[in-house]
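Let me begin by presenting the structure, written as structure tokens, before commenting on it.
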Amino acid sequence: MQISPMKRIRTIALVLVMACLSTLASSCSSVSRWMNPGGTYFVIEVDPGPENKDAAIEHVVSVLSSGLYAIGVPGEVTRGHLKIGGKDSVVVDVWGEQDLQALRKFLLETSKLELLPVISEKHPALPCTAKAEEAREKAGEGQMVLSQFDYTGERHCVLGTTPILTGKHVRTADAVANQDGNGYSINFSLNAEGGELMSKWSKANIGNYIASVYNGKILSIAYVQEEISDTGVINATMEKGEAEEIARGIGSRYLPYKLTLVEERTYEE
């Protein structure tokens, strides 16, 4: 009995996939590479600011590797080397035909969450002012002014620049519909270090205000009613898509660095 070429190819692919499932991840990578010939590589320069460059690059490699897996794009992420990019860069090699425009956006998207103290009188005093000049005059050393838009219009808030927490302290984040049906907020949980920091700060600041700032934008401001431990809510009225995107960034994509695409090349196997 003769086996058709197409059936033979399907049989070989099935055997390789079964081998992939029963061996180490490197075998899976080999099978995925075989099934997705050609591809595109991106060289990304990482500017860590004041943080350690080696640690920042390793963090970017880890986050982008997990991200590619999460969105179902085959490929691998490595630190650059002498042949490609140089050791101070990250190389993302994606296999097969992909939506390159969407990938560029995904790869260069930063995610920086900070919970910052609001410099104001305690609740029920309003935390922000409608007058920008008044806020700027109030801001002292180690403080900054950010604007927030709500149903009353634009408000100007004086914030401390030393974070209480950052995205590195977040364990999970999920977009949730508000009970009144007006938009979406974000529930989050903290890791052990984050829970300890939040508990200590909130206990000492009951009645004060705290701002949730994401990529330089105030998402919400709330006052501390009681000691907070390892969970919290960013109360907002966001659209579902925006809330889900921010929740993904907060929960699994803490990248507070400047990422720059310096090279992109498509190749054939």
Being polar (S, T, N, Q), in a loop (DSSP other than H, G, I, E, B), in the same structural domain as residue 235 (by TED's automatic domain parsing) and in contact (Cβ under 8 Å) with a residue 24 or more places away in the chain narrows it down to one of 187, 182, so name that one. 182
Within the stretch 151-179, considering residues that are in a strand (DSSP E or B) and of a type in the set (S, T, N, Q), the one surrounded by the most Cβ atoms within 10 Å (Cβ to Cβ): 166
Considering only residues that are of a type in the set (Val, Ile, Thr) and buried (at least 16 other Cβ atoms within 10 Å of the Cβ), look in the stretch 96-144 and name the one that is modelled with the lowest pLDDT. 129
Looking only at the stretch 236-258, filter to residues that are surrounded by 18 or more Cβ atoms within 10 Å (Cβ to Cβ), in a strand (DSSP E or B) and not small (Gly, Ala, Ser); which one of those is farthest from the chain's Cα centre (by Cα)? 238
Out of all the residues in the stretch 213-235, is one or more closer than 13 Å to residue 113 by Cα and part of a loop (DSSP other than H, G, I, E, B)? yes
Reported set for the stretch 92-106 where residues are closer than 24 Å to residue 52 by Cα and in contact with a Phe, Trp or Tyr (Cβ under 6 Å, 6 or more places away or on another chain) is 92
Before we move on, is residue 176 in contact with a helix residue (DSSP H, G or I) (Cβ under 9 Å, 6 or more places away or on another chain), of a type outside the set (Lys, Arg) and modelled with pLDDT of 95 or more? yes
Do we find that residue 80 is buried (at least 18 other Cβ atoms within 10 Å of the Cβ), outside the structural domain of residue 216 (by TED's automatic domain parsing), at pLDDT below 85 and not basic (Lys, Arg) in this structure? no
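The values are calculated or read from the model by the stated rules, or taken from the named source; none is laboratory data. Since this is a predicted model, take the numbers as computed values, not measurements. Note that each Cβ is placed from the backbone with ideal geometry, even for glycine, and that neighbours are counted across all protein chains shown.
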